[in-house]
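This report refers to the structure that appears directly beneath it.
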Amino acid sequence: MADPSQNEFLASLEAKAKRANHFFRTMANRPEVLKTFVPLYGAIMGPGAVERRTKELVYLACSYANRCVYCTASHTASGKKAGISDDELQALQAEHDQSFSEPERAAIQYARERHSVAGSPAAEL
């Protein structure tokens with residue numbers, strides 16, 4: 001992982017967050033990747049036509065499907081800030097989606113379908 005003392009942009013990101021960010025430190029090994037990722041991620045997860053809560057549900061559905069501990073932990077916290085309850089997190093993980101709104105269920109299902117297609121042997125060809 002890159003050292004923030006050797007990367008001013010990384011240091012500024014961690015100063016804003018008031019904590020070390022291992023994901024960013026890894027990206028900072030290629031400084032241009034980190035510098036372009038931050039605005040891209042902001043554009044995706046920031047204000048837009050899709051509510052933040054729905055974006056977090058999709059992110060978490062993918063994180064659970066991929067069994068990504070880092071992503072799950074990170075987006076459990078941000079999902080709660082977006083209004084996702086502990087019960088909803090458990091339901092999402094167990095794929096019990098009936099308590100979500102129709103648009104949320106559609107987004108969650110789409111995310112799961114994309115994951116299953118991406119993970120299929122045909123997708124590797």
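The values are calculated or read from the model by the stated rules, or taken from the named source; none is laboratory data. All values reported here derive from a predicted model rather than from experimental measurement. Methodologically, a virtual Cβ is constructed for each residue, glycine included, from the backbone with ideal geometry; neighbour enumeration extends over all protein chains shown. Note: accessible area is taken over every heavy atom of the protein model, side chains too, but ligands, DNA and RNA are not part of it. Shrake-Rupley method; radii C 1.70, N 1.55, O 1.52, S 1.80 Å.
A few points about this structure:
- The combined condition, being loosely packed, with under 15 Cβ neighbours inside 10 Å and either over 27 Å from A11 (Cβ atoms) or in contact (Cβ under 8 Å) with a residue 60 or more places away in the chain (or both), is not fulfilled by Y64.
- Failed condition for F100, given (1) surrounded by 14 or more Cβ atoms within 10 Å (Cβ to Cβ); (2) assigned to a helix (DSSP H, G or I): (2)
- Close pairs from region 1-24: first touching a residue at least 24 places away in the same chain (Cβ under 8 Å) and closer than 15 Å to Y41 by Cβ, partner assigned to a helix (DSSP H, G or I) and open to solvent by 100 Å² or more (accessible area, probe 1.4 Å), Cβ under 9 Å, at least 6 apart: F9/K35; F23/Y70
- Between T72, T76, T54, T26, the distinction of being more than 12 Å from the chain's Cα centre (by Cα), in a helix (DSSP H, G or I) and surrounded by 12 or more Cβ atoms within 10 Å (Cβ to Cβ) belongs to T26 only.
- In this structure, E56 does satisfy being touching a helix residue (DSSP H, G or I) at 6+ places or on another chain (Cβ under 7 Å) and of a type in the set (D, E).
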